[in-house]
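Please read the structure below before turning to the comments.
The values are calculated or read from the model by the stated rules, or taken from the named source; none is laboratory data. Keep in mind that this is a model prediction, so the values were computed, not measured. Here the Cβ is made from the backbone with ideal geometry for all residues, glycine too, and neighbour counts use every protein chain on show. Side chains are part of the model used for accessible areas, which takes the heavy atoms of the whole protein and leaves out ligands, DNA and RNA. Shrake-Rupley method; radii C 1.70, N 1.55, O 1.52, S 1.80 Å.
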Amino acid sequence: MSEEHVQQEETEAQDERPVPGTAEPSQAPPEDDRLLRLAADFENYKKRAARERQEYVQLANERLIAELIPILDDLERALAAAEQHEEAQLEEGVELVHRSLAALLARHGVTPIETEGKFDPHVHEALLSQPSESEEGSVLDVVEKGYKLGERVVRPARVVVAAPPAQEEPEGDA
C-alpha cells in the first residue's frame, strides 16, 4: 500500500468520528470542527464574563445602598422635627445627615475638588467670568462643589473665574 493511500484512509476515519453528544459522525473536517468549538467556547466565556461583571456591579450597588439607608433615616428624623417646629433639632438633624453622608462618601474614596487658586479646566467648569482685582484666571466663587472618585472627576466644580479688571472708558465729548 502506498503512503498516500494510508494517509487518505486515516483522514476518512477521522471524518467519521462521532460528534460528542450525537450518534452521527462529524460532517466537518476536524480543523473546522475544532474552530467551531473554539468559537462556541469563546462566546460562552463572553456571556459568563458579562454576567459576572453585572453581578459585581449589583453587589457594589447593594453595599452602597445599605450604607445610604441609615442616612435616609436621619433625614426622615430631621423632617419629623421640622413638622414639630423644633428649629434646633432640625438644624442638628440636617448637620447630622450632612456629616454622615460626607463620611460615607469619604470612606468610598470620594473627595471634594480643591477650588482655591487658579482655574483648572480638568476639574473646574467656568460658569462665568467677572472683572476683578484678583489675578486673572483665579477662582472667585464656587457655585457648586465638585467631587473626585480617586483621581477621576465625578462632577466638576462649577466656579466663577476672575477676568481682567474692567477698563474705564474715558469721558469725552461725543
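A few notes on this one:
- Here the strands (runs of 3 or more DSSP E) wholly within segment 78-159 that include at least 1 residues being open to solvent by 50 Å² or more (accessible area, probe 1.4 Å) and within 28 Å of GLU67 (Cβ to Cβ) are 110-112, 139-144, 147-149, 152-155.
- Within segment 42-70, the residues that satisfy the criterion of being under 22 Å from the mean Cα position of the chain (by Cα) and either in contact (Cβ under 8 Å) with a residue 12 or more places away in the chain or outside any helix (DSSP H, G or I) (or both) are LEU64, GLU67, LEU68.
- Scanning segment 76-104 for residues that are within 22 Å of TYR147 (Cα to Cα) and in contact with a helix residue (DSSP H, G or I) (Cβ under 6 Å, 6 or more places away or on another chain) yields VAL94, LEU96, VAL97, SER100, LEU101, LEU104.
- Candidates ALA157, ALA174, filtered to the one that is of a type in the set (A, V, I, L, M) and either at pLDDT 85 or above or touching a strand residue (DSSP E or B) at 6+ places or on another chain (Cβ under 6 Å) (or both): ALA157
- Selection count where residues are open to solvent by less than 80 Å² (accessible area, probe 1.4 Å) and either over 29 Å from HIS108 (Cβ atoms) or of a type in the set (Val, Ile, Thr) (or both), scope segment 44-77: 2
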